[in-house]
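What follows draws every value from the coordinates through simple rules; no lab data is involved. Being a predicted model, the structure only gives us computed values, none of them experimental. Glycine gets a Cβ as well: all are built from the backbone with ideal geometry, and neighbour counts include every protein chain shown.
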C-alpha cells in the first residue's frame, strides 16, 4: 500500500473514531436475431423489459435500458425492493429498496440526490458502503442518470419495512468512515487514450455501467481496486471471478469478439465456458438485454485492454479428447435418461471416481457431461474452470453448490455434507480429465479441505480495523489534550 493511502486511511480512522460517534449507520460482430438467440438459450426475449409499457416516454424506456446495463436488478431484485445480502469481509451488507416509496425507498429523492448516491456514495441521510458500486458509477454521464431517475419513478412503489438492515461491526458501523475511503479509491478507473469510438463505448460499459472490475479486479489493502491488476481475476467468496484480460494463457486471449458477444448474450460458450453463480446473475439480469452494438463494443474493448498474465493458467482444450455426446444422455425422455444412467452404473464400481460421478452428478450433468442444456442443466464438457491449473473453482462448486442465476434456473446442491473430501477429490480429478480434456489431475483430499474450508482473506486494515480505531481514538484524545494544555499555558503567560 502506498504511504499516502496508509496515511489517509489511518487519519480517517483517527478522526472518525472520536468525532463522528453520532453517525452510526442507520472485430465488430453482429448477432442477426437477438431474440432468437435468447430463446434458443432458454432465456426470455431481450425486448421484454419488466415495468416498461409501450406508452412510456423515450426517456423512461432509455432509463430502463440503463438500469439493465448497470445491472441494478442483480442486487436490488427485478422489483427493486432490495433485501439481498451482499457478502463482504466486514459482514453482510443488504441491498436497499429503490422503488418510489417515500417511506422505505427513494420516493423523496431529487435527481441530484440520485446523482450523489451513484457518483459519490452519499444519500440525503448517510454515506453508502461501496458494496453499492458507486466507485464505478462515478463515471456515469448526467444523461444516463437523468434517464435512470425518470425510469425509477415509474416502477411500483414497495411500502414495507425491510426484513434486514445492514449492521456492521465497529468501526465500520460509522458510515462517515467512507469519506476517507472515497478519497483514496474514487474513481475506480481512468479513461485510456487511443481507443476507437466503439471501444470508448465499451470502456464506459465495462468500467462504469456494468462495473466489471467490482468482481474481476483484485482488491488492495483498503478493499479498493488494485488498478495495476485491472480485470486480471479476483476471489469472490467461494467463487473466483476469472481473468478477462486478453492474455492467452490465463485470460480470454483465445476468445474472439464473437465469442465474447455470444457468452454475454447467452451465458455459455460451447466446450469452453458456462456462466454460473454471480456471472449467471449478471447475464440473466443484464448483459443478455444489451443491444448488439453495445455487446460488440464491450467485446472490442476487452480485446484492447492490457493483457495480464496470472499464475492460474488454463490448459488448452484438445477437442479430440473430449467425449462425444450420446443422445440418450441429453434426451428429455426421463425414462430413457434414467435407463441410460442405470446401464452406465452397472458397468462401474460405485466407489470408483466414475462411479461417484455417476451417482452424484450424472443425473443432471449427464453420463457424458453434456447434460440437458435445453432444460437449464449445465454441460460441463471443455469448461475453462476444469482446465485451470488451480482447481479451486471446481472444488468449491462440488463442495458448496451453485445458485441459479434466475428464479427458474436449476440450482446445484453442495456435497460437502454427503461426500468425504477424498470422494470430492476423486470426482474433481475425474471431470478434469474426462470432461476437461486434461492429461492428468492429482487433486487430493487435503487440497479439498484447504479450498472448501478456506475463509476469505482479510486485508490488514480490515482485519485489525477495530484495534486501529481504538489507537486512533487514543491518539486523537492525546492530541486534543495537548492542544488544550498548550492553550491554557499560553493564556497563563499572557
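Rounded, prolate or oblate for the stretch 136-191? Axes are the square roots of the Cα gyration tensor eigenvalues, ordered a ≥ b ≥ c, and the cut-off for rounded is a/c under 1.5. Cα axes put the stretch 136-191 in the oblate bin. In a fully extended conformation the segment linking residue 327 and residue 191 would gain 44.0 nm over its present Cα-Cα distance, using 0.36 nm per residue.
Projecting label points 7 angstrom from Cα along Cα→Cβ for residue 125 and residue 227 puts them 3.4 nm apart. Placing R0 at 56 angstrom, the Cβ-Cβ distance between residue 86 and residue 492 gives a FRET efficiency of 0.50 after rounding to 0.05.
The stretch 335-354 and the stretch 191-221 have Cα centres spaced 47 Å apart.
With the simple spin-label model, which puts each label point 7 Å out from Cα in the Cβ direction, the residue 417 to residue 389 separation comes to 3.7 nm. Look at the Cα gyration tensor of the stretch 69-209: its axes a ≥ b ≥ c give a/c of at least 1.5 with a/b at or below b/c, and that counts as oblate. Each peptide among 129-135, 184-190 gets the average number of other Cβ atoms lying within 10 Å of its residues, and from highest to lowest they stand as 129-135, 184-190.
By its C-alpha gyration tensor, with a ≥ b ≥ c as the square roots of the eigenvalues, how is the stretch 319-452 shaped: rounded for a/c under 1.5, else prolate for a/b larger than b/c, else oblate?
Values: a/c = 1.45, a/b = 1.29, b/c = 1.12.
Judged from the Cα gyration tensor, the stretch 319-452 comes out rounded (a/c under 1.5).
A Förster radius of 30 Å, combined with the Cβ-Cβ distance separating residue 445 from residue 318, puts the computed FRET efficiency at roughly 0.60.
Sorting 338-349, 234-245 by their mean Cβ neighbour count within 10 Å, with the most densely packed peptide first, gives 234-245, 338-349.
Modelled label positions at residue 374 and residue 483, each set 7 Å beyond Cα in the direction of Cβ, lie 7.4 nm from each other. In percent, how large is the relative contact order of the stretch 319-452, given Cα pairs closer than 8 Å and 6 or more residues apart? Once normalised by length, the contact order is 24 percent.
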